[in-house]
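The values are calculated or read from the model by the stated rules, or taken from the named source; none is laboratory data. Keep in mind it's a predicted model, so treat the numbers as computed, not measured. Virtual Cβ from ideal backbone geometry, glycine too; neighbours counted across all protein chains shown. Remember, those area values only see protein heavy atoms, side chains included, never the ligands or the DNA or RNA. Shrake-Rupley method; radii C 1.70, N 1.55, O 1.52, S 1.80 Å.
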Amino acid sequence: MEPEYQMNIGFVARTMKNFGVKELILVNPPELKGEAYKFAMHAKDVLENAKIVKTVDEALKIVDVAVGTTGISGKVYLPERTPISPEEFAKRAFLYGGKIGIFFGRESKGLSNEELEKMDFTVTVPTSEEYPVMNLSHAVAVVLYEIYKQRIKAETPTEENRHLRKATREEKDILVKYWSELLETLNYPKDPIRRKYFTIMFRRVIGRSFIYAREIYSLYGPLRLAIEKIKRCENDKH
């Protein structure tokens, strides 16, 4: 997200190639110049093939699961500030067959709260309280290293799992929309801000579960039916 330094962009590309990751998406970056390619070393092809988009929403359309990264989890409980570790994430990543996008923030201020709210869940690297903020490329290296370890360990899928399709981002968004509509219909919680956080927490649960399409479609019906019944009851009262 809006990388600020050519050197870091180059180092990120180099780190990606170290761990066998080739698809780089840059959101509103500066024009890539010589310094970026210099520090990319033998990963210049990663930069040359990078997708350039203007907004986080454009990037979200490219992936099925969006994983935000945050350097500091914070002492106050907020749904967008309850991350899991890179190791926990990596173990779950290979349960999913779709495209996973790992979003890293700006060097100076990371991802905004608004951007984090759009993620399915967040990951943070445990660091010393004395100096918790990591360099961008170092954070990328830690996360990709954990994924690479799991890739090596990944077992061949069973015949049963081979035929199960994971839910797409669009299918999960529909489920979250139904959940939000149910909360609105129930007027629960009454505080709109808390209602918003209930929806964010539901998105986190669905994002962490790597749910199958068949499972997600089985949830559509009960939620739709509940919404319709509540609305009918309300209409009958009036």
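Taking the stretch 26-63 on its own, how many of its residues are assigned to a strand (DSSP E or B) and closer than 16 Å to MET7 by Cα? Don't jump to the end; show me each part of the working.
So the first thing to find is which residues in the stretch 26-63 are assigned to a strand (DSSP E or B), and the list is 26-27, 51-53.
From the residues that got through so far, the ones that are closer than 16 Å to MET7 by Cα too are 26.
Number satisfying all stated conditions: 1.
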task = Could you tell me whether GLU80 is modelled with pLDDT under 90, of a type in the set (Asp, Glu) and not in a helix (DSSP H, G or I)?
result = no
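Restricting to the stretch 118-139, give me the number of residues that are in contact (Cβ under 8 Å) with a residue 12 or more places away in the chain and either surrounded by fewer than 19 Cβ atoms within 10 Å (Cβ to Cβ) or outside any helix (DSSP H, G or I) (or both). So that I can check it myself, show each step before the final result.
Start the filter on the stretch 118-139 by keeping residues that are in contact (Cβ under 8 Å) with a residue 12 or more places away in the chain, which leaves 118-127, 132-137, 139.
Among the residues that remain, those that are also either surrounded by fewer than 19 Cβ atoms within 10 Å (Cβ to Cβ) or outside any helix (DSSP H, G or I) (or both) are: 118-127, 132-135.
Qualifying residue count, the stretch 118-139: 14.
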request  = Please enumerate the residues belonging to the stretch 16-31 that are open to solvent by 20 Å² or more (accessible area, probe 1.4 Å) and either farther than 17 Å from THR55 by Cβ or of a type in the set (Val, Ile, Thr) (or both).
outcome  = LYS17, ASN18, PHE19, GLY20, VAL21, LYS22, GLU23, ILE25, GLU31
task = Report, ordered by the first and then the second residue, all pairs with beta carbons closer than 6 Å, sequence separation of six or more or different chains, a first member in the stretch 15-33 that is closer than 12 Å to VAL46 by Cα, and a second member that is open to solvent by 40 Å² or more (accessible area, probe 1.4 Å).
result = ILE25/LYS51; LEU26/ILE52
inquiry  = Kindly evaluate ARG204 against the criterion of being in contact with a strand residue (DSSP E or B) (Cβ under 7 Å, 6 or more places away or on another chain), part of a helix (DSSP H, G or I) and open to solvent by less than 40 Å² (accessible area, probe 1.4 Å).
reply    = yes
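With respect to THR199, is the statement that it is open to solvent by 40 Å² or more (accessible area, probe 1.4 Å), touching a helix residue (DSSP H, G or I) at 6+ places or on another chain (Cβ under 8 Å) and among the polar types (S, T, N, Q) true? I'd like the intermediate steps shown before the answer.
Values: open to solvent by 40 Å² or more (accessible area, probe 1.4 Å): no; touching a helix residue (DSSP H, G or I) at 6+ places or on another chain (Cβ under 8 Å): yes; among the polar types (S, T, N, Q): yes.
Spelling it out, it is not the case that THR199 is open to solvent by 40 Å² or more (accessible area, probe 1.4 Å), touching a helix residue (DSSP H, G or I) at 6+ places or on another chain (Cβ under 8 Å) and among the polar types (S, T, N, Q).
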message = Given the criterion in a loop (DSSP other than H, G, I, E, B), farther than 19 Å from ILE147 by Cβ and at pLDDT 95 or above, identify the matching residue among GLU2, GLU23.
response = GLU2
inquiry  = Just the residues that are of a type in the set (Ser, Thr, Tyr) and either open to solvent by 70 Å² or more (accessible area, probe 1.4 Å) or free of Cβ contacts under 8 Å to residues at least 24 places away in the same chain (or both), please, taken from the stretch 96-117.
reply    = SER108, SER112
key: Residue in the stretch 32-61 that is nearest to the chain's Cα centre (by Cα), counting only those that are at pLDDT below 95 and open to solvent by less than 80 Å² (accessible area, probe 1.4 Å)   = LEU32
inquiry  = Can you pull out every residue in the stretch 5-20 that is polar (S, T, N, Q) and either more than 23 Å from the chain's Cα centre (by Cα) or modelled with pLDDT under 95 (or both)?
reply    = GLN6
